[in-house]
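> Right, I'll just put the structure down here and ask away after.
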Amino acid sequence: MARHEGRGMASVNYPIGMNLGGDPSQALIHSNPDGKFTVALSAIDLGQGMKQVSRQIAAETLGVPIEDVFVDTADSDTGPHDMGSFASRGTHRMGNAIIVAAREARGVLLEAAAEELEVNASDLVTDGRGNIHVRGAPSKTITVKATAQAAQFKQGKTIAGRGIFLIPLSAVDAETGEMNPNTAFAHACLVADVAVDDETGEVEVLRMTSAYELGRVINPRMVEQQLVGGAWMGISHALYETPEPYYPNPEHGPRDFNEYLMPGPGEIAPYHVTVLERPAPDGPFGGKGPGEMCANPVLPAIANAVYNAVGVRVDELPITPEKILRGIKANGGAKPGPRRGGPVNWR
Amino acid sequence: MAKIPVQFRLNGSDRAAFVDAQETLLNTLRRGLGDFSPKYGCGQGTCGVCSVLVDGEPQLSCLTLSVACEGRHVETAAGLADGPNLHPLQAAFMDHFAAQCGFCTPGMLTAARALLAKNPSPSRDDVIEAISGNICRCTGYEPIVAAILAAASAPGARRA
Amino acid sequence: MLEMRKDIFADERDDNLNVIGKGLQRQDAPGHVTGRTRYFDDHAFEGMLHLKVVRSPHAHARIRSIDISAAERAPGVKRVLRGADVPVNKNTLLSLINFGKDDEPTLAVDKVRYKGEPVVAILADSEAQALAARKLVRIDYEPLPTVFDVEEALKPGAPVVNETYPGNYFEYHERFDHQKLRFGDVERAFSGADIVMEHRYQMSPIEHAPTETNGTIAAPEQNGRFVVHSCAQGLFFALGTTAKIVDVESNRLHFIGGTVGGGFGGKVDSLTEPLAVLGAMLTGKPVRFVLDREEEMLYGSPRGAERIYIKDGVMRDGRIVARYIRSYFDAGAYTRLSSYAAIKCTAHVPGPYWIPNVASDIYVAYTNRCPSTAMRGFGVTAVDFALEVQMDRLAEAASMDPMEFRILNAYRDGDMKPHRRAAKNTALVECVQVAAEKANWPLSEQAKRQSSLTGGAGERGQIPATTVDTKGQIGRPETRTGTATQTLPAGTARIPLSKQPVMEGARDGRAAPTQVPRYEPARPAAAATPAYAPPPYQPASPPAAPSYQPAPPPVSAPASPAQTQHGAVRFSSVFGTRRR
């Protein structure tokens, strides 16, 4: 009776946004008379960080400090239509709509500043710290605040912008499956190290090592949140979770958190992620969306690691101790596979 | 059914409510007194999002009868900050990006606050034990554990 | 722990940005740590009623009678609702984009099709009173035979779960009982392969288990409007669904949400909004309808299970030459979003690899279980599990290292995917290389030298001659096994490239969004394309010049009447067009 260590890997890609398109997002941006901006959306933040992603994209495009932008979402009376937060579409679809809206608002801002400075708007640049000045002549300058006040009370201009992003809906061929599914794809490869106890059938995830390519990273701390939390969910899907333990038999389902199993803080697996950025040609600043795919490679990587550890293929999720023990018994004992590589190059 | 008067301190201030005999503290806090920081997650004591302190002890407010809190001191996450100044736990949760959807956060903070009040320098295992009754579906727990450990070593962390 | 590798693809980026790429604090973090963040349930209303539903105890049964008289007289009960009280008591979620037929009641009328299906709704002054009255509702059921296995459900003679789809399958294109993918000739390639391997994989259903359960508070506002505090993952999606079911104009509903205690796909079904709004309309009072944890766990619609069969043909040198996938999505009793996921899955086949011959048949099957819905990775997570375990097996069979095997077969820029669009912006090879390096998993020098930028396109960028068939035709049972095949010549493409994104917003004289990259040129839609004689597909051209020409707003661009969508029902134009 022994604990066997094993290593498995998986590589995946993931489509960004609703398959076939047809999922528009709209954004409205306006400034108050002091040059402080509100981004009005009907997007949903369910923890993934929609508000902050929208805020950073708006601030970057407007050319103003992040503190001067707040995102207001979601109120159907003030936020224009958005399809919703699913299909990894938030950053990509809404981000693009915000860029369009922010560009328009920025255009008015620069026009108003140009009128005050008596120059051409095309000669103006923002410094990202709340100032607008003539390119190459930083002394010829006006603050965003003074510009907004002039626009509102002197020039009669609305510093505002509207934007929509829509990939028009397209069709599917019945016979060949030909279609225009998605335009941006993210990528990942993940290695899982596990230990399998051949007496109890229990699997411990020792550590995971991954590389994700996510287009432009809008906020690395929030990417880390998604990837770390999603990997935990991947472990949970792989080893624990099921509302129907003997699917398709519908009986014996859990009713609450005592019966529905998920790993707790005591089962955290150390995890190292390396992030690559190949900007999506149509993404906001090249951004894609890591929200959904972060669990996907974990499931097969753990299954493959279990096989490497004890020689048992579990093709029906979750990979329970019962299934592993039945497999070991059928094989006449644990059959560890070849060792793959050495200690990880981190920690 | 006749209502029963109950008085207790909530985050340092005296509060009173008329409650049903079987009414939970969670319901009284949320629907009676307007403190929405404890959340409803299961009503069965299995998820920890309704955690509060009663006389400094962590309690699941969904399983605590309001009438049992007569004369006691109830503390919720809404009372954790010292006026405009965040508690070190709150600052650490922000620094470590330990909240995503934020729904488990008040309960997590409450569990951590109870831990640090008793054990100012907890080990990683102590932290894990302290939050093992609190479910988070977003973060994978690691940022939460790291935040609590960081807060424990910050000045002022034991402030009740 | 997160590490950025800025050196890879560095020449494709400008990293001189102000706030993009910075790990700035989240706008919502202060609210989260102070407990001030307001979720849907964190709103107080005087005189609020509580709604609870009576659910079916049977997985499949005819409803003989419903007696609500005792419940109506119970203490605190203000109203009891049955199916007849729901103005439009049949809906399908994707009807908002005109996809699929209405197949699901809000409250069951003649029949229940899964255990836990709502039949009666009770509105009372307190939750306890609503729960007590729930026990007083008398429903007389006649149990019916059940089916729980997706493949059993598709066999002739299986109990009919959902009469809208009498074959227990979603109908694609009004022609087939499944969605097809055909690229090359898999059968011929299998016969020429050194190794052929087929395995069966089974994904488990999964409960989303957000810490915040599904719920809604709806209350009368002014001017005949209703304010609705919603947990929805799509605010207007829930608004549109509710407006249709309660039969009011959309501007009578004022939805507020956007701050949700976890979703993961479990809050896209509008499980509580329609009944809460209907209750508020009928009683004139605020109504709170929140699922308890047991309801959320058992009836909050799970991730659907998928059964997947993969057959692969591999050469001794490790090249995969053919892949065939047959998969069954378990929709449960109603369609919800499964029909969409099967198409998304079809687009995902065969995973991030270039394989010259690929085919798949993906079915959506109805069973007597709680309807399944979207969950994180919808349409992809399960097939990725199956594909990557299969890849591990194939690598072993070909005596190759699993990492080297992935790199050898990885798709690269310019490779033709089976759905007949060229791959762009790929990065699988680099991800495998970096993961191997960090995990200290040795790779050969040759594998380390590979790149996503090279080695693709050319012959790999062509559409091969393709065998198509009529297996699974709807309507004539005998055709469900017969296979009339036909071969499409190489280069055949039928669906126009219509993916030019609309980015509308700039006004005359204002700075236009000139620097938003365009990624595919506009192409005229092929007019009246005859079957089997389409304009040849051309690989993507270089990006158009970055001069912005305002596209017409989508409302003024009526959908081509000839264009069918997913095949089931024609899409109108954009989301929000309600179909009655």
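Each reported figure results from applying straightforward, stated rules to the coordinates on display, with no laboratory input. All of these numbers come straight from a predicted model, not from anything done at the bench. Glycine also receives a Cβ, built like all others from the backbone with ideal geometry; neighbour counts cover every protein chain displayed.
> Any idea what the alpha-carbon Rg over 2.2 N^0.38 Å comes to for segment C:112-251?
1.62
> Same structure again: Cut-off 10 angstrom, C-alpha nodes, Gaussian network model of chain A. Which of A:315, A:34, A:45 fluctuates the most?
Looking only at A:315, A:34, A:45, the largest GNM fluctuation is found for A:315.
> Using just the C-alpha positions of segment C:221-320 as equal point scatterers, what log10 of I(q)/I(0) does the Debye formula give at each q in 0.16, 0.24, 0.25 1/Å?
Here the Debye-derived log intensity ratios amount to -0.72, -1.32, -1.38.
> So, one more: Which entries of B:3/C:135; C:52/C:111; C:180/C:448; C:115/C:311; A:51/B:39 have Cα-Cα distances beyond 29 Å here? Mind showing how you got there, number by number?
On the way: B:3/C:135 25 Å; C:52/C:111 20 Å; C:180/C:448 36 Å; C:115/C:311 35 Å; A:51/B:39 22 Å.
Beyond 29 Å: C:180/C:448; C:115/C:311.
> How large is the Rg to Rh ratio of segment A:259-347 when both quantities use alpha carbon positions and Rh follows Kirkwood?
Result: Rg/Rh = 1.08.
> Note down the magnitude of the dipole of the protein assembly as shown about its Cα centre, charges +1 on Lys and Arg C-beta and -1 on Asp and Glu C-beta and zero elsewhere, to the nearest 20 debye.
I would put it at about 1260 debye.
> Anyone know which of B:62, B:47, B:138 comes out most mobile in the 10 Å Cα GNM of chain B?
Among B:62, B:47, B:138, the largest mean-square fluctuation in the Gaussian network model of chain B belongs to B:138.
> What are the extents of the Cα atoms of segment A:39-87 along their three principal axes, in Å, largest first?
27, 23, 14
> For segment B:1-103, compute Rg over Rh where Rg is the Cα radius of gyration and Rh is the Kirkwood radius from the inverse mean 1/r over Cα pairs. Intermediate values should be presented prior to the final figure.
Numbers: Rg = 14.2 Å, Rh = 14.3 Å.
Radius of gyration relative to Kirkwood radius: 0.99.
> Alpha carbon centre of segment C:341-375 versus segment C:377-437: separation in Å?
17 Å
> Find which of A:80, C:168, B:24 sits farthest along the positive direction of the dipole of the protein assembly as shown, computed with +1 on the beta-carbon of Lys and Arg, -1 on that of Asp and Glu, about the Cα centre.
Towards the positive end, the residue furthest out is A:80.
> Right, another one. Regarding segment C:392-470, what is the average projected area of its C-alpha convex hull, in nm²?
So the Cα hull casts an average projection of 6.8 nm².
> Between segment B:62-105 and segment A:1-45, how far is it from one alpha carbon centroid to the other, in angstrom?
29 Å
> Over chain A, consider all pairs of different Cα atoms and compute the Kirkwood hydrodynamic radius from their mean reciprocal separation; express it in Å, one decimal. Working shown, then result.
Details: mean 1/r = 0.0434 Å⁻¹.
Evaluated over chain A, this radius sits at 23.1 Å.
> Using amide H atoms built in the peptide plane, which far-off residues or other-chain residues are under 5 Å from residue A:172 H to H?
Amide H neighbours of residue A:172: C:566, C:567.
> Still on this structure, I have one more. For segment A:173-229, what does the alpha-carbon gyration tensor say about shape, rounded, prolate or oblate, given a ≥ b ≥ c as the root eigenvalues, a/c under 1.5 as rounded, and a/b over b/c as prolate?
Judged from the Cα gyration tensor, segment A:173-229 comes out oblate (a/c at least 1.5, b/c at or above a/b).
> Over the Cα atoms of segment A:188-344, what Rg and Dmax result, in angstrom?
When restricted to the Cα atoms of segment A:188-344, Rg and Dmax are 17.4, 55 Å.
> Report, largest value first, the span of the C-alpha coordinates of segment A:295-347 along each principal axis, in whole Å.
Dimensions of segment A:295-347 along the principal axes of its Cα atoms: 36, 25, 14 Å.
> Based only on Cα atoms, what Rg/Rh ratio does segment B:88-152 have, Rh being taken as Kirkwood's radius? Walk me through the numbers on the way to the answer.
On the way: Rg = 10.2 Å, Rh = 11.3 Å.
Answer for segment B:88-152: 0.90.
> How large is the helix-only mean residue ellipticity at 222 nm for chain A, computed as the sum of -39500 (n - 2.57) over DSSP H runs with n ≥ 4, divided by its residue count, in deg cm²/dmol to the nearest 500?
Values: 6 runs with 86 residues, N = 347.
Roughly -8000 deg cm²/dmol at 222 nm, from the helical runs in chain A.
> Using the Cα centre as the reference, give the magnitude of the dipole from point charges on the C-beta atoms of segment A:25-165 (Lys, Arg: +1; Asp, Glu: -1; all else neutral), rounded to the nearest 20 debye.
200 debye
> Among A:65, A:265, A:220, which one shows the highest mean-square fluctuation when chain A is modelled as a Gaussian network with alpha-carbon springs under 10 Å?
A:265
> Across segment A:25-165, how large is the tail of the calculated P(r) beyond 20 Å, expressed as a percent of all Cα pairs?
That tail contains 43 percent of the Cα-Cα pairs.
> Moving on to the next point. What is the set of long-range amide H partners of residue C:253 at a cut-off below 5 Å, with H atoms built 1.01 Å from backbone N?
C:226
> Between segment C:25-49 and segment A:53-122, how many Å separate their Cα centres?
With segment C:25-49 and segment A:53-122 each reduced to a Cα centre, they are spaced 25 Å.
> Report the Stokes-Einstein translational diffusion coefficient (µm² s⁻¹, integer) for the protein assembly as shown, Rh taken as the Kirkwood radius over Cα pairs, at 20 °C with viscosity 1.002 mPa s.
71 µm²/s
> Dividing the alpha-carbon Rg of segment A:132-178 by 2.2 N^0.38 Å yields what?
Rounded to two decimals, the normalised Rg is 2.41.
> Also, I was wondering about something else. Please list the non-local residues whose amide H lies under 5 Å from the amide H of residue A:219, H modeled 1.01 Å from N, same-chain partners needing a gap of 5 or more.
C:21
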